[in-house]
Amino acid sequence: MPDPDAAAPAEPAEPTDPTVRRTLSALDRVTAALPGGETRDGQREMAAAVAAAVKERRHLVVQAGTGTGKSLAYLVPAIVAGRRTVVATATKALQDQLAGKDLPFLKEHLDLDVSWAMLKGRSNYVCRQRLREIAKGGEEQLALDGLAERASSAELAELAAWAEDSPTGDRAELPREPSPSAWAAVSVSARECPGASRFPSGGTCFAEAARTAAAEASLVVVNQHLYGLHVASGGVLLPEHDVVVIDEAHAFEDVVSATAGLDIAATRFSTLARAIGAILDDQPTTDGLEAVAARWDRALTPEVGRRLKGGLGEELGTLVALAVERTDRALAGLRAIDPGTNAEAGARKQRAMQLAGSLLDELHLLSAPGPTNVLWIEGPDSRPSLRLAPLDVASLLAEGAWPNVTAVLTSATIPPGLDHAVGLPTERLVDLDVGSPFDYEQQALLYCAASLPDPRQPGFDEAVHDELEALIDAAGGRTLALFTSFRAMDAAAEALRGRVDHPIMTQRERPKPALLAAFSADPATCLFATMGFWQGVDVPGPSLSLVTIDRLPFPRPDEPLLQARRELAREAAFRTVDLPRAVTLMAQGVGRLIRSTEDRGVVAVLDPRLATSKSYRWDIVRALPPMRRTRDRAEAEQFLEALRS
Ligand code: SF4
C-alpha cells in the first residue's frame, strides 16, 4: 500500500534551454504518433543531450540500452538543429531502417524540412560505363575481360534491362541477388573508377548521382566503412557536415582500422592483367602480372596468420619489389596508349591506369610499413592476402575526423575506453548512459554455471552439453545457444541431437535471415550459432526465452593486430585490449534475450570464470543489463519452466 504522506516522485525538470525544449517537444510529437505512443525517459534524456552537444559543439558518447529508441533520439535533434548531419551505421539492417522507416516517419510527423540521402561505396552501384562497354563489345569484350566463362549473358542482359528503369542503380534494389561474377562485370570499385568527368557515361553515372543527392541533403546515411574511407582519404568522399552520428559505435575502432589499412591479394594483379589485356596487346606485361599473382599465392599460403614483425623479410621483400617493378611497367605501357577518338578505349585506359596507380601506391606502403603500422598475412589459405593496418586509429581520427564536426557516438554497449581508442578530445566530451526502459530485474535471470570446470580444463565440453540439455528441456526449446567457435557449436549440436526432444538448427544450415525466420516461427526450435549471431538478432516473443553463452568471448591471443596492440599497451594490455572486447561482446550476446517489455527469460553463462575471476568478473557483470543473478541451475530451470505455464 503506498504511503499517502510520502512525497510524490519528482517530475523531471523542464529544460530551460530553448533548443532543447524545441527538440523535446518535436520528439514528443513524433513518439505520440508511434503505435503505443509511449514516452521513454531514456530517449528524452538522450535527445536533450544530443541537442545540447550539437548546440555547444561538444562531442557526446552515449550508451542507450536496448529499447531506448536511440535512432529517433539522435535524428530528431539533428533535424531540429538544421545542421547537416552524417549518420554512419555498422550494419545494413540499421541503414535500411533509418532510410526506409525512421526518416520517412519523421518527415510525415515533423513540420520541418527533412531531406535525406543514402550513400554507399561505388561498387554498390551499377556502372553505366561497364554496361555500355559490354553492350558494344558483347561476348568478345567479356572474353577479353576474363568474364565470359563466369557471368552468364542472360543475367547480364537482365541487369542491363533493370538499370534502364532503376532510378538509383543500387544493387540493394535488385529484385534478386545477382551472382558475384555478374555483379563484378557491371560494377567498378573505387580503386578502378577515376570519376565521372573522364567518361562518356559520366553524366549519367549512378554513383555520381548518389553523391550529388547526398551533397544536397541535410542528412546523409552511410556505413561506417565509407566514413572510415572518407577520413582516411582526407575528407573527400562525403559532403561537408557539421555533425556526425556514429551508431553501433562499439564497432567503429575496428572498422576504421580496416578501412585505413591495406589488403593485397593475388587477384589485384590478375584483375590488372585482364584490364590491360582488354586494351593492349602486350603479352609480356600481362604474363608478368599473372606470374606475380601466382607467386603471391604460393608465397603467402604457408604463412597465413603470421605477423611480419620486422617488415616483409627477404623472400616477401623480393616478391613485393618484383610486383612494384611489373606494376610500374604496366602503368608506363598504359600511359603510352593513344586511344584517339575511341571513347570506350579511353575509358578503359583510365580505369586500368587507376587500378595500376592505386596498386602501386599500396605496394610502396607495404615495402616500408613504418613503426605505426602492423603487417601480417591473412587467410583463408585459398585467398591469402598481405594486410597492413594502423596500430591505433586514435591519432588518425583525432586529426582527420573530430576537429571540424560534432561527434555523437552511440550504441547499446559502449566499450570501456572507447573515447580514448577513437581519439576523442576529453576537454570537449560528454559521457552519458541513459539505461534501458526494460525492467531487467523482473524480466530476466542471469545464471552462471559456477560449478563447471574451467574452459581450459578437460571435461569442459561434456559438462557444457549436460548443462545445455537440462536448460533446453526446461525452456521447451526456445534457445539461442551462442558459441565462441564453430568447433564448439558443431560438437554441441552433435552431442545434443537425440538427447533433447527439440529441433536443433545450426548456423551452417542456412543464411542468417532464413535461420532467424525459421527460429522465430517455431518456439520449439533451438538455434546454435557463433560470432555472427552475438549481434543483430532481434527475436521478441516466446520463441526466445533462453540465451546460452559457452565461454567468455576473449579475443584469440594470436590475432596479429591485437597482438601488436597488446605489446604497445604492455602491462595494461589485458585491461585495454582484451577485456573491453570481451565485455562488449558479452553485453551484445546477452542483449539478444530481452527485446520488448513483454519478454522474459534466462541468460546462462556456462563459463565459470564469470563467477570466480577476482580480477575482471565485475567489469563484465556491471556491463550487462541489471538482471537478477544466480549460480543455482535449479532456480534457472524453475524460471524457464514457469514461462511455459
Ligand atoms: S564514373 Fe564512370 S566508371 Fe565510375 S562508376 Fe560512374 S560510370 Fe562507372
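Derivation of every value follows stated rules applied to the coordinates shown; laboratory data play no part. For clarity, every value in this text was computed on a predicted model and none was experimentally measured. Glycine gets a Cβ as well: all are built from the backbone with ideal geometry, and neighbour counts include every protein chain shown.
Answer with one residue from 585, 160, 530: the one whose Cα lies farthest towards the positive end of the charge dipole of the chain, charges on Cβ with Lys, Arg +1 and Asp, Glu -1.
Sorting the options by dipole projection puts first 160.
Can you check what the net charge comes to around residue 128, using other residues whose Cβ is under 11 Å from the Cβ of residue 128 (Lys, Arg +1; Asp, Glu -1)?
On the way: positive: 130, 132; negative: 133, 164, 208.
Around residue 128, the charge tally is -1.
Counting only pairs 8 or more residues apart or on different chains, how many lysine pairs in the chain have their Cα atoms under 19 Å apart?
For the chain, the number of qualifying lysine pairs is 9.
Where does each of 422, 256 land when they are ranked from fewest to most other beta-carbon atoms within 10 angstrom?
Ordered from fewest to most neighbouring Cβ atoms within 10 Å, 422, 256 come out as 422, 256.
Below 10 angstrom from the Cβ of residue 358, what's the summed charge of the other residues (Lys, Arg +1; Asp, Glu -1)? List each step's numbers first, then the result.
Working: positive: 191, 268; negative: 192, 361, 362.
Net charge in that neighbourhood comes out at -1.
Going highest first, how would you order 327-338, 575-586 by mean Cβ packing within 10 Å?
Top to bottom by mean Cβ count within 10 Å: 575-586, 327-338.
Pick out, in residue order, every one of the GluC sites (Glu not before Pro) in region 564-611 that is DSSP loop and has at most 15 other C-beta atoms within 10 Å; say none if there are none. Spell out each step's value before the answer.
Details: sites: 567, 571, 598; in loops: 598.
For GluC sites (Glu not before Pro) across region 564-611 that sit outside H, G, I, E and B with at most 15 neighbouring Cβ atoms in 10 Å, the list reads 598.
For region 269-278, what does the Karplus curve 6.51 cos²θ - 1.76 cosθ + 1.60, with θ = phi - 60°, yield as ³J(HN,Hα) per residue in whole Hz, taken in order and with x for Gly and Pro?
Per residue, the Karplus-derived 3J(HN,Hα) values read 6, 5, 5, 5, 4, 5, 4, 6, x, 6 Hz.
Taking region 31-63, which trypsin sites (Lys or Arg not before Pro) meet the DSSP loop condition and have no more than 15 other C-beta atoms within 10 Å?
Here the trypsin sites (Lys or Arg not before Pro) that fit, given the DSSP loop and packing criteria, are 57.
For the chain, calculate the relative contact order in percent as a whole number, restricting contacts to Cα pairs under 8 Å that are 6 or more residues apart.
Once normalised by length, the contact order is 16 percent.
First obtain the Kirkwood hydrodynamic radius of region 500-645 from its Cα pairs, then insert it into the Stokes-Einstein equation at 37 °C and 0.692 mPa s, and state the resulting D in µm² per second as a whole number. Walk me through the numbers before you get to the answer.
Details: Rh = 16.9 Å.
D, rounded to a whole number, is 194 µm²/s.
Report the Cα centroid-to-centroid distance between region 405-481 and region 506-558 in angstrom, as an integer.
14
Under a point-charge model restricted to the Cβ atoms of Lys and Arg (+1) and Asp and Glu (-1), what is the dipole moment magnitude of the chain relative to its Cα centre, in debye to the nearest 20?
With only Lys, Arg, Asp and Glu charged at Cβ, the dipole is about 880 debye.
Positive end of the charge dipole of region 262-390 (Lys, Arg +1 and Asp, Glu -1 on Cβ, about the Cα centre): tell me which of 308, 345, 269 has its Cα farthest that way.
Farthest towards the positive pole: 308.
Which of the peptides 384-392, 245-253 is most tightly packed, and how do the rest follow, judged by the mean count of other Cβ atoms within 10 Å per residue?
Per-residue Cβ counts within 10 Å, averaged per peptide and sorted highest first, yield 245-253, 384-392.
In debye, nearest 20, what is the charge dipole magnitude of region 440-644 about its Cα centre with +1 on Lys and Arg Cβ and -1 on Asp and Glu Cβ, if you could check?
680
If amide hydrogens are placed 1.01 Å from N in the peptide plane, which non-local residues have theirs closer than 5 Å to the one on residue 60?
Amide H neighbours of residue 60: 407, 408, 409, 430.
Scan around residue 548 for amide H atoms under 5 Å from its own, H built in the peptide plane at 1.01 Å from N, and keep only partners 5 or more places away or cross-chain.
480, 481, 482, 604
Using the Karplus curve 6.51 cos²θ - 1.76 cosθ + 1.60 with θ = phi - 60°, work out ³J(HN,Hα) for each residue of region 26-37 in order, rounded to whole Hz, and write x for Gly and Pro.
5, 5, 4, 4, 5, 5, 5, 7, 6, x, x, x
So how do 398-405, 636-643, 413-420, 125-132 stack up, highest first, on mean other-Cβ count within 10 Å?
125-132, 413-420, 636-643, 398-405
Starting from the Kirkwood radius over alpha-carbon pairs of region 403-534, derive D by Stokes-Einstein at 37 °C in a medium of 0.692 mPa s and give it in µm² s⁻¹.
Translational D for this selection: 182 µm²/s.
Going by how many other Cβ atoms sit within 10 Å of their own, how do 616, 447, 227 line up, fewest first?
Listing 616, 447, 227 from fewest to most nearby Cβ atoms yields 616, 227, 447.
Could you calculate the contour length gain from residue 517 to residue 433, that is, 0.36 nm times the residue separation minus the distance between their Cα atoms, to one decimal place in nm?
On the way: separation 84, 0.36 × 84 = 30.24 nm, distance 3.24 nm.
Roughly 27.0 nm would be gained on extension.
Over region 532-605, one equal point on each Cα, no solvent: what is log10 I(q)/I(0) by the Debye formula at q = 0.16, 0.19 Å⁻¹?
Debye curve over Cα of region 532-605, log10 I(q)/I(0) at q = 0.16, 0.19 Å⁻¹: -0.64, -0.78.
Would you be so kind as to identify which of 375, 293, 359 lies farthest towards the positive end of the dipole of region 262-390, taking Lys and Arg as +1 and Asp and Glu as -1 on Cβ and the Cα centre as origin?
375
Starting from the exponent 0.38 and prefactor 2.2 Å, build the expected Rg for the chain from its residue count and divide its actual Cα Rg by it.
The chain yields a ratio of 1.05.
Counting Lys and Arg as +1 and Asp and Glu as -1, what is the net charge of the other residues whose Cβ lies under 12 Å from the Cβ of residue 469?
It works out to a net charge of -3.
Are there any GluC sites (Glu not before Pro) in region 443-530 that are in a DSSP loop and have at most 15 other Cβ atoms within 10 Å? List them by number.
Answer by residue number: 509.
Would you mind ranking 116, 183, 618, 296 by Cβ crowding within 10 Å, fewest neighbours first?
Working: 116 22, 183 18, 618 10, 296 25.
Least to most surrounded, the residues fall as 618, 183, 116, 296.
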